[in-house]
Amino acid sequence: MNECQPFYDLFFYTILNDIDVDAIEKECYDLRKQSEGRHLSNINGWQSNNLDKSNMPSAIGDLQIKIDIFANQVKDEIALREVKNSNLWVNINPPNSYNRMHTHPFCVLSGVFYVKAPKNCGNLVFSRDRSFSDYFCQTFDETNPNYRLFEDWWVPPEEGKLVIFPSYLQHHVDINESKSDRISISFNYGLND
């Protein structure tokens, strides 16, 4: 039997051990003090406006450099043309907050860096189009699960984890069931035309 896989969704991650997450956390809270932020997919959480590259806090700016390096490695791995950072913002999600299902239109790569990720603070969940379940989810052999047929894929948050994925992938963030804030920095990359 020959197998052909016409569609293949990937996400990439790494752990950045050489980043000062304590300094980034402080800058995130400082930004929250300065602005009411915005409401897009976040429910009960705080999200900054896009950070201005010319006036970015220093520790977040250092992180941006590391994200650029990893985004370019991902770009090379999946054979994209040159990419550039489109925007970057901070998310502070207290207990009982979450992000509803969404995508990132008009971008090619999106991602998240976890600054603070207490246990049970909410997984990042990638989901297939819901029509998929009408065809395959009832046919799973539970004794021999096939990850290629999963409807959802969970990515547990971890302090220092950097995740990059295609912007078209539907995703949401589960409710923060911990007793403290989950802090992350999200970003998008577009083609460098």
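Report yes if Asn188 is modelled with pLDDT of 95 or more and out of contact with any Leu (no Cβ under 9 Å at 6 or more places or on another chain), otherwise no.
No; evaluated as a whole, the condition is false for this residue.
Which residue, of Lys75, Lys66, is within 19 Å of the chain's Cα centre (by Cα), under 16 Å from Val163 (Cα atoms), surrounded by fewer than 18 Cβ atoms within 10 Å (Cβ to Cβ) and of a type outside the set (Gly, Ala, Ser)?
Answer to the check: Lys66.
Taking the residues in segment 157-191 that are closer than 11 Å to Asn96 by Cα and touching a Lys or Arg at 6+ places or on another chain (Cβ under 7 Å) as candidates, determine which candidate is surrounded by the fewest Cβ atoms within 10 Å (Cβ to Cβ).
Ser178
Tally up the residues in segment 36-47 that are within 15 Å of the chain's Cα centre (by Cα) and in a loop (DSSP other than H, G, I, E, B), please.
Selection size over segment 36-47: 2.
Condition check ((1) part of a helix (DSSP H, G or I); (2) among the hydrophobic types (A, V, I, L, M, F, W, C); (3) in contact (Cβ under 8 Å) with a residue 24 or more places away in the chain) across all residues:
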residue: Asp9; (1), (2), (3): no, no, yes
residue: Gly61; (1), (2), (3): yes, no, no
residue: Ala71; (1), (2), (3): yes, yes, yes
residue: Lys75; (1), (2), (3): yes, no, yes
residue: Ala79; (1), (2), (3): no, yes, no
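Of the residues in segment 50-59, how many are surrounded by 12 or more Cβ atoms within 10 Å (Cβ to Cβ), touching a helix residue (DSSP H, G or I) at 6+ places or on another chain (Cβ under 9 Å) and either part of a strand (DSSP E or B) or not small (Gly, Ala, Ser) (or both)?
Residues in segment 50-59 being surrounded by 12 or more Cβ atoms within 10 Å (Cβ to Cβ), touching a helix residue (DSSP H, G or I) at 6+ places or on another chain (Cβ under 9 Å) and either part of a strand (DSSP E or B) or not small (Gly, Ala, Ser) (or both): 3 in total.
The values are calculated or read from the model by the stated rules, or taken from the named source; none is laboratory data. Please read these numbers as outputs of a predicted model, since none were measured by experiment. Here the Cβ is made from the backbone with ideal geometry for all residues, glycine too, and neighbour counts use every protein chain on show.
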